[in-house]
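The values are calculated or read from the model by the stated rules, or taken from the named source; none is laboratory data. These numbers were taken from a predicted model, which means no experiment stands behind them. Cβ sites come from the backbone with ideal geometry, for glycine too, and all protein chains shown count toward neighbours.
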């Protein structure tokens, strides 16, 4: 099935000038997203997962000293070469975005209905009345009861889960081709998380969107994505199907991720196997593998030479010297009763 | 290697709270009751997990037990004394036996103080050690939490979140307390650092025999570390029991929903997600207008007329479990039928 990808990111590199030196936030990142596909990106803070997505739309803070290179092909057009005005036609219209914290992303002083309508008037040229009607439909679509009345309420009148639904309504208002969800449920309670993820999945199906799901939570990724990219230190260190990454991880970092988090199916007396140290920003000149300092399998070579991308199976690639030697890290212990 | 006594709490609990109620006045003259008649026990060296979603009152309860927030009603017996009857110096004297660790160490540690001084401070405040002895004790505690001597002159801004949480633990344990309230101690940490701090909490418990009240919104984390778990919803404990029993056989529909909502990073995650969304509808209602009767009824798939009017009592449900639900037996035996998913019945 050769299909033109909707989004094709090639050799993306993002660097920030900081007082402490050049921060290599994203380095040589390439991936693509097919129409209607969901791709998961998993990683910790500083892994580059959010910066990758912000660079797709060039959403950087105004004073950031940032250098972006590579290509971000969206429907064949390189977004990195567009002018600010041209890019505005894409943001919110063809690519929608949902962030972690709806309270800081919504305008606190504007009724939610108007915030949805704003996007429709700007991008779709709808009249005030038509935009308002459509905003109410969208609120209903994302599960806000009594939308005609609630459209006039300010964001603080809604619960966290409701606010995230409103953010989603804004993001999909112009029926984008691609929705980027950056930790969309991390600030929500667990019982609300399930509802929001189910909503995202339903909307994706109904609107025929592609979805990029960014999360630090492998459970969220496993529940929503078929393909996953694992990021660490600005690199995609492993990519593959969710099955491959969970059951047969090739990179020691992915293997560790599957063991790190307490699991409801794990025996309780089993100690967790942490990764030593903490994720550190990649500042200044670097050589070798960025995970080397924390890796249980580190070899001399890892500290000097950039690891190669090794194909382990169809579309399963690990950026690791261990993989080059044909060695797999110990898989996550299989709990009694088998992994569900 | 563990010195933790088995659950349930032994005959003489370390802490025993009875009908603790906390009231806050909020703007507009309204009163909210974030903790409403809560009773619980914590045995010596025991870890009680307290789980629930944001706004359910679990942090307020933790503070109320330590008298950081004074309860409006109820009693808290600790080491043979009623803390609610104490004030001033006698209460201060008890504080060395009960400490707290917060979610955000950057916000709870003095940014201008050297790390070693932060750990020494409780010893000075409680006049438990002279300067040299305090310095030695602080170094020892820092070593026990895995921070080398090089950190002792650093300041909080020079440490990572994980390191700072180790400092907070060293500070909490330096007076050799009997109870530490851990309020979401790993929630602000990266997952790779979370596991380090959880393992450390387990080691320290074994070494000092300290009891924890472990407050967490993360069920898997609470399950990992707790001997018993209490589930809180809108100011009340709806279910409580030994950890394994509670997770194997959650009796309260809310506990069932919570457990089902933890997405397992396995291959069934997709189906699990759909099932979880069917089981729990809507959001947590506001404390300003708690629903009458059983507070969970607007979200409960099993709710019936009685649930809307009559608050359920806590009943023993076997195996040390206690549950506050009118219909837990019918639900357990499968004779109560869940309503089909009410996907769009959230209250704002």
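Details
- Any chance residue A:228 is modelled with pLDDT of 95 or more and touching a helix residue (DSSP H, G or I) at 6+ places or on another chain (Cβ under 7 Å): yes
- Of all the listed residues (B:236, B:272, B:196), the sole one being in contact (Cβ under 8 Å) with a residue 24 or more places away in the chain and either touching a helix residue (DSSP H, G or I) at 6+ places or on another chain (Cβ under 7 Å) or more than 23 Å from residue B:46 (Cα to Cα) (or both) is B:196.
- All positions within segment A:27-41 that are assigned to a strand (DSSP E or B) and either surrounded by fewer than 21 Cβ atoms within 10 Å (Cβ to Cβ) or at pLDDT below 95 (or both): A:27, A:28, A:30, A:31, A:32
- Hey, residue A:279 part of a loop (DSSP other than H, G, I, E, B), more than 9 Å from chain B (Cβ to nearest Cβ) and within 27 Å of residue A:13 (Cβ to Cβ) or not: no
- Elements of type helices (runs of 4 or more DSSP H) in segment B:125-241, at least 1 residues being more than 27 Å from residue B:251 (Cβ to Cβ) and within 11 Å of chain A (Cβ to nearest Cβ): B:161-173, B:191-208
- Residue within segment A:190-203 that is in contact with a helix residue (DSSP H, G or I) (Cβ under 9 Å, 6 or more places away or on another chain) and more than 14 Å from chain B (Cβ to nearest Cβ) present: no
- Hits in segment B:31-56 - residues which are within 14 Å of another protein chain (Cβ to nearest Cβ) and modelled with pLDDT under 95: B:52, B:53, B:54, B:55, B:56
- Looking across segment B:52-110, the residues that are in contact with a strand residue (DSSP E or B) (Cβ under 8 Å, 6 or more places away or on another chain) and part of a strand (DSSP E or B) come down to B:73, B:74, B:75, B:76, B:77, B:78, B:82, B:98, B:99, B:100, B:101.
- Screening segment B:286-315 for residues that are in a loop (DSSP other than H, G, I, E, B) and in contact with a helix residue (DSSP H, G or I) (Cβ under 6 Å, 6 or more places away or on another chain) and picking the one that is surrounded by the most Cβ atoms within 10 Å (Cβ to Cβ) gives B:294.
- Count of segment B:322-343 residues which are under 20 Å from residue B:234 (Cα atoms) and part of a loop (DSSP other than H, G, I, E, B): 4
- All told, residue A:16 falls short of being in a loop (DSSP other than H, G, I, E, B) and more than 14 Å from chain B (Cβ to nearest Cβ).
- Selection status of residue A:184, surrounded by fewer than 24 Cβ atoms within 10 Å (Cβ to Cβ), more than 9 Å from every other protein chain (Cβ to nearest Cβ) and either touching a residue at least 40 places away in the same chain (Cβ under 8 Å) or out of contact with any strand residue (DSSP E or B) (no Cβ under 9 Å at 6 or more places or on another chain) (or both): no
- The residue that is farthest from the other protein chains (Cβ to nearest Cβ), among those in segment B:244-283 that are assigned to a loop (DSSP other than H, G, I, E, B) and farther than 28 Å from residue A:42 by Cα, is B:251.
- Just one residue in the set A:194, A:255 is part of a helix (DSSP H, G or I) and free of Cβ contacts under 8 Å to residues at least 24 places away in the same chain; that residue is A:194.
- Tallying residues that are touching a residue at least 24 places away in the same chain (Cβ under 8 Å) and over 20 Å from residue B:176 (Cβ atoms) within segment B:71-101 yields 7.
- All conditions but one from (1) at pLDDT 95 or above; (2) over 30 Å from residue B:153 (Cβ atoms) apply to residue B:97; the one that does not is (2).
- Number of the exception - residue A:174 against (1) part of a helix (DSSP H, G or I); (2) more than 14 Å from chain B (Cβ to nearest Cβ); (3) surrounded by fewer than 23 Cβ atoms within 10 Å (Cβ to Cβ): (1)
- Residue selected from segment A:286-301 under the condition within 27 Å of the chain's Cα centre (by Cα) and either free of Cβ contacts under 8 Å to residues at least 24 places away in the same chain or not in a loop (DSSP other than H, G, I, E, B) (or both), by the criterion farthest from the other protein chains (Cβ to nearest Cβ): A:287
- Within segment B:30-64, being on the phi < 0 side of the Ramachandran plot and in contact with a helix residue (DSSP H, G or I) (Cβ under 8 Å, 6 or more places away or on another chain) holds for B:34, B:35, B:38, B:47, B:49, B:50, B:51, B:53, B:54.
- Of the listed requirements (1) within 30 Å of residue B:261 (Cβ to Cβ); (2) surrounded by fewer than 19 Cβ atoms within 10 Å (Cβ to Cβ); (3) within 19 Å of the chain's Cα centre (by Cα), residue B:68 misses just one: (1).
- The listed residue being surrounded by fewer than 24 Cβ atoms within 10 Å (Cβ to Cβ), under 19 Å from the mean Cα position of the chain (by Cα) and more than 13 Å from chain B (Cβ to nearest Cβ), out of A:240, A:234, A:208: A:208
- Applying the criterion of being outside any helix (DSSP H, G or I) and at the interface with chain B (Cβ under 10 Å from one of its Cβ atoms) to the residues of segment A:216-227, the residue that is surrounded by the most Cβ atoms within 10 Å (Cβ to Cβ) is A:225.
- Counted as qualifying within segment A:50-127 are the helices (runs of 4 or more DSSP H) with 3 or more residues that are surrounded by 13 or more Cβ atoms within 10 Å (Cβ to Cβ), modelled with pLDDT of 90 or more and touching a helix residue (DSSP H, G or I) at 6+ places or on another chain (Cβ under 7 Å), namely A:112-124.
- When A:10, A:24 are screened for being surrounded by fewer than 22 Cβ atoms within 10 Å (Cβ to Cβ), on the phi < 0 side of the Ramachandran plot and outside any loop (DSSP other than H, G, I, E, B), only A:10 passes.
- Of the criteria (1) at the interface with chain B (Cβ under 10 Å from one of its Cβ atoms); (2) at pLDDT 90 or above, which one residue A:269 fails: (2)
- Residue that is surrounded by the fewest Cβ atoms within 10 Å (Cβ to Cβ), among those in segment A:140-166 that are over 14 Å from residue B:282 (Cα atoms) and within 24 Å of the chain's Cα centre (by Cα): A:141
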